[in-house]
Amino acid sequence: MDEKNAVIVGIDAVSPLGIELEAQWHRAVAGESGIGELTRFALPEDFPVKIAGQVDGIDHLPFPFLSPREQARWTSPLFKYAMLTAQRAMAVSGIDITPALAPRVAVTYSSAIGGVDAVLGADRKMIAGGKLPHPFANPNACINMVGGKISILTGATGPITATIAACATGSTAMIVGAMLLAQDRADVAICGAADFALVEPIVAGFATMNGAFQPKEGEHPGPPEGASRPFSLHRRGFVISEGAGCIVLTTRAFARAHGLKAMAEIAGWAMTSDAHHFVAPHLPTVTRCVAEAIDRAGISPAAVDAVNAHAASTRIGDKVEFDALARVFGGRIPPVTANKSFMGHAMGASSAVETIFALMGMRDRILPPTINHTADPDIKIDCVPDRARPLDQKFVLKNAFGFGGCNACIVFRRTE
């Protein structure tokens, strides 16, 4: 095996399931939902979206890396989510970024949307009272500032870049991090993504483009926890959520030399562009992305033990993903889990958080369930409905597909 291959040595996440990683994982395995009423802003009676996946309790945690004055400057929750997960993932890794190591530590942690809430708040204050924006309004909205703040927090001075690939942002951050390691531009990469999309125009915008969950006209919406229905006959769009996930990569050689414990290896990856439609996925290029990731891992499709799906709960998207899997696996699709069923769609952060859940499933030899599932006769798939399933997993495929035709697939190999 190549000594410059990327291995995972640290992980952490915050999601609608909670702010402590192991507690989130236990809830995922139990099939508990983190979806509830949308309370991030006051809802007009006719507002089209009523539910969301929210990260609760984070404001009550101590943030030694953000003084009260700094917290007043960095108003978007994005920065708390990102910096907290990066700090904790680095602690899990056991890596000490010394001045000597700092130039060899890359940061590819990013966001799909950035701190747009800060600019929106500034705009409203200007309209309401003519008050000029806070000096930190624009920096809050810079997507690359997420990685910049993590660099400042950790002292990493190696390559830094913000990969932006819509809902595939977290996966592309890992892929770019692995590329920097393979090219000997870094020994460590702090990867991941954070997103805070629960602001009025974004939430309403997803509704008007028929992306966000809406019950049928005249139909009772049911409980919030039952709204996210990946691969299900009655899927009605995604539930918008928020969150963050950090994955720390090192080269295999660095991990061995420093006695670091690797959870898994990035065995293969692929990225493709649909060049087809601005939001609807394209079967040929999605299929190629899945196939190339498996091929680059040096395995046959039959060696893949499980798939962690993108599965946003949209009519077209879920069907295209199923059709791609059917083409690649020749009718013998391995068990497929859809984590958005219990956490909603955290935009660019979704693939980072879902990767972390996939890694924990490999560690514990178990697949969390896909909840809220009613079989769709056009999607004949084993999506581990309702209950978790014990399963030894050596190879797991993670799919992520984003607006603009951004596809990213990664094959992980368990190393423990």
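Rule-based calculations on the coordinates, nothing more; no lab input. Keep in mind it's a predicted model, so treat the numbers as computed, not measured. Virtual Cβ from ideal backbone geometry, glycine too; neighbours counted across all protein chains shown.
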Dipole of segment 268-414 (Lys/Arg Cβ +1, Asp/Glu Cβ -1, origin at the Cα centre): which of V336, V320, A306 lies farthest to the positive side? A306
Can you give me the distance in nm between label points at D96 and D46, each placed 7 Å from the Cα along the Cα-to-Cβ direction? 6.3
Taking Lys and Arg as +1 and Asp and Glu as -1, residues besides W74 with C-beta under 15 Å from its C-beta add up to +1
Determine the calculated [θ] at 222 nm for the chain from helices alone, applying -39500 (n - 2.57) to every DSSP H run no shorter than 4 residues and normalising by the residue count; nearest 500 deg cm²/dmol. -10000 deg cm²/dmol
Report relative contact order for segment 268-414 in percent, whole number only (criteria: Cα-Cα under 8 Å, sequence separation at least 6). 35
May I ask you to derive the relative contact order of segment 39-198, considering only C-alpha pairs under 8 Å and at least 6 residues apart, and to give it as an integer percent? 32
Dipole magnitude of the chain about its Cα centre (Cβ charges: Lys, Arg +1; Asp, Glu -1), debye to nearest 20: 540
N210 to F278: extension gain in nm, 0.36 nm per residue of separation minus the Cα-Cα distance? 23.1 nm
The local net charge around I366, scoring Lys/Arg +1 and Asp/Glu -1 for residues other than I366 whose Cβ lies under 10 Å from its Cβ, equals +1
Local net charge near T272, Cβ-Cβ under 11 Å (Lys/Arg +1, Asp/Glu -1): -1
For the pair A72 and Q183, how long in nm is the line joining their label points, each one 7 Å along Cα→Cβ? 4.2
Restricting segment 19-111 to chymotrypsin sites (Phe, Trp or Tyr not before Pro) in coil, as DSSP defines it, with at most 13 other Cβ within 10 Å: F41
Work out from phi, with θ = phi - 60° and the Karplus expression 6.51 cos²θ - 1.76 cosθ + 1.60, the ³J(HN,Hα) of each residue of segment 252-257, listed in order in whole Hz, and give x for Gly and Pro. 4, 5, 5, 4, 5, 5
Quotient of Cα radius of gyration and Kirkwood radius for the chain, i.e. Rg/Rh, equals 0.95
If I model segment 268-414 as equal point scatterers sitting on the Cα atoms and use the Debye formula, what is log10 I(q)/I(0) at q = 0.10 Å⁻¹? -0.29
Name the residue from I294, A275, P377 whose Cα lies farthest towards the positive end of the charge dipole of segment 268-414, charges +1 on Cβ of Lys and Arg and -1 on Cβ of Asp and Glu. I294
